[in-house]
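Take a look at the structure set out below.
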Amino acid sequence: MDSQKEPSSLREIGDAAAWSVPTNVVGRTAVFIDPLWRIPVRLNPVEVSLLRTEPLRRLHFVAHGGASTVITLQSYSRLEHTLGVLALVAHFRPEDDILRVAALLHDIGHLPLSHTFEGLSGLDHHAIGLQLLRTDPIRPVLEKHGISAEAVAAALGKQPHSPLTNGSGLLNLDHLDSYVRSGRAAGGLDTDPAVMLGRLDIRDASVSADRETAGALVDLIGAEARLHTSWDNVGPASVVRRLARRLLDSATIAPAQLARMTDPQLWSAFDSCSRTQAESAMVRYELHRLKVTAGSAGSAPGDRSGWTFSLRKVYSSAPLVEGLRIEVAAPELAAELDGLRALPTTFRVWWS
């Protein structure tokens, strides 16, 4: 592994080989520092090798926020989130090599624009990710470093004892990074993440917090749910999803090809297809014309071109509070999360 020390002055650079910043994402430095959590992660050799494979590099060109990236500042990549999850695992379980690798690989199956096309033509990012894990170039890298692909696959399952993906419905490290990172991008993060981290613990494979920090997390969870059910997400997601369906119906590309595109490649495909070209431009440059109402009935007056769009789910996984379930330790916070169930998940959308 390349190991570089950041120069303390320009004079130190001299004629030496160019140095790399500690936030680079291809393992050029011995220690990666996540800019959100500010956790220094000493990268293992297998982690460096994985960061240089196509499935991981591709995630740098897939927006974590999905289609909402065209109208919000949720512009960070799925690789940034992935490295944030690695940093959290390295913080709480530094010696668990399998869990660290699972953190790096947990999102490699994501489609372009992340969750936007989930379920379209049967596409499932979990199934795609497991297939990628067991084939080139990922499997040979794992085998070279003595790591079983099946052990990593097991760690990616909804195991109740895994703080990465616990199947209990409680807050795990994957969702923790998502909520906090999204909150920062939306300007709703009032607590320094590094300070927050010091108030968190893992209990029974779930994230546990003190009462005050649990309240801050519930605020972030609620903000994320409201973002997902807002015009800013529903509008562009509904348009882009139907554009992808048209693209697939036109036989221009197959579902498996669409699944492995990056976001720029997807937009290029939309712009190259006569059935998607015009609306592809509209969703990027005229999105203010889009109308969204809750519910599936009706459409704009005199307009019959509207369509119905439904969200697959609204995330609301709760943290533990001092090791106890939130409904026991902080019933008022549990009530806030329960209130998210009233958010609409079906909408009518049309162009004005």
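The values are calculated or read from the model by the stated rules, or taken from the named source; none is laboratory data. Computed from a prediction, not measured in an experiment: that's the story for all the values here. FYI the Cβ positions are ideal-geometry reconstructions off the backbone, even for glycines, and counts take in every protein chain you see.
Every test in (1) surrounded by fewer than 19 Cβ atoms within 10 Å (Cβ to Cβ); (2) touching a residue at least 24 places away in the same chain (Cβ under 8 Å); (3) out of contact with any strand residue (DSSP E or B) (no Cβ under 8 Å at 6 or more places or on another chain) is passed by GLU143 save one, and that test is (2).
Residue under question is SER317, and the condition is that it be closer than 30 Å to TYR179 by Cβ, buried (at least 17 other Cβ atoms within 10 Å of the Cβ) and of a type outside the set (D, E, K, R); does it hold?
Values: closer than 30 Å to TYR179 by Cβ: yes; buried (at least 17 other Cβ atoms within 10 Å of the Cβ): yes; of a type outside the set (D, E, K, R): yes.
Taking the combined requirement at face value, the residue satisfies it.
Can you find a residue that is touching a residue at least 24 places away in the same chain (Cβ under 8 Å) and out of contact with any helix residue (DSSP H, G or I) (no Cβ under 7 Å at 6 or more places or on another chain) anywhere in the stretch 14-25? Looking through the stretch 14-25, none of the residues is touching a residue at least 24 places away in the same chain (Cβ under 8 Å) and out of contact with any helix residue (DSSP H, G or I) (no Cβ under 7 Å at 6 or more places or on another chain). Of the set (1) farther than 19 Å from ARG181 by Cβ; (2) surrounded by fewer than 22 Cβ atoms within 10 Å (Cβ to Cβ); (3) in contact with a strand residue (DSSP E or B) (Cβ under 7 Å, 6 or more places away or on another chain); (4) not charged (D, E, K, R), all apply to SER75 but (1).
Rundown of residues vs (1) touching a residue at least 60 places away in the same chain (Cβ under 8 Å); (2) part of a helix (DSSP H, G or I); (3) touching a Cys at 6+ places or on another chain (Cβ under 7 Å), yes/no style:
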position	(1), (2), (3)
LYS158	no, no, no
ALA216	no, yes, no
GLY222	yes, yes, no
ASN233	yes, yes, no
ARG242	yes, yes, no
GLN257	no, yes, no
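Looking across the stretch 115-163, the residues that are at pLDDT 95 or above and hydroxyl-bearing (Ser, Thr, Tyr) come down to THR116, SER121, THR135, SER148.
For the stretch 114-148, name all the residues that are closer than 30 Å to LEU248 by Cβ, small (Gly, Ala, Ser) and not in a strand (DSSP E or B). Spell out how you get there, then give the answer.
At the first step, the residues of the stretch 114-148 found to be closer than 30 Å to LEU248 by Cβ are 114-139.
Imposing the further condition that a residue be small (Gly, Ala, Ser) reduces the set to 114, 119, 121-122, 127, 129.
Those that are closer than 30 Å to LEU248 by Cβ, small (Gly, Ala, Ser) and not in a strand (DSSP E or B): GLY119, SER121, GLY122, ALA127, GLY129.
Selection of helices (runs of 4 or more DSSP H) fully inside the stretch 35-102 by the criterion of at least 2 residues being among the hydrophobic types (A, V, I, L, M, F, W, C) and over 23 Å from VAL314 (Cα atoms) returns 45-51, 78-92. Exactly one residue out of ASN166, ASN172 is modelled with pLDDT under 95, farther than 26 Å from PHE309 by Cα and surrounded by 23 or more Cβ atoms within 10 Å (Cβ to Cβ), and it is ASN166.
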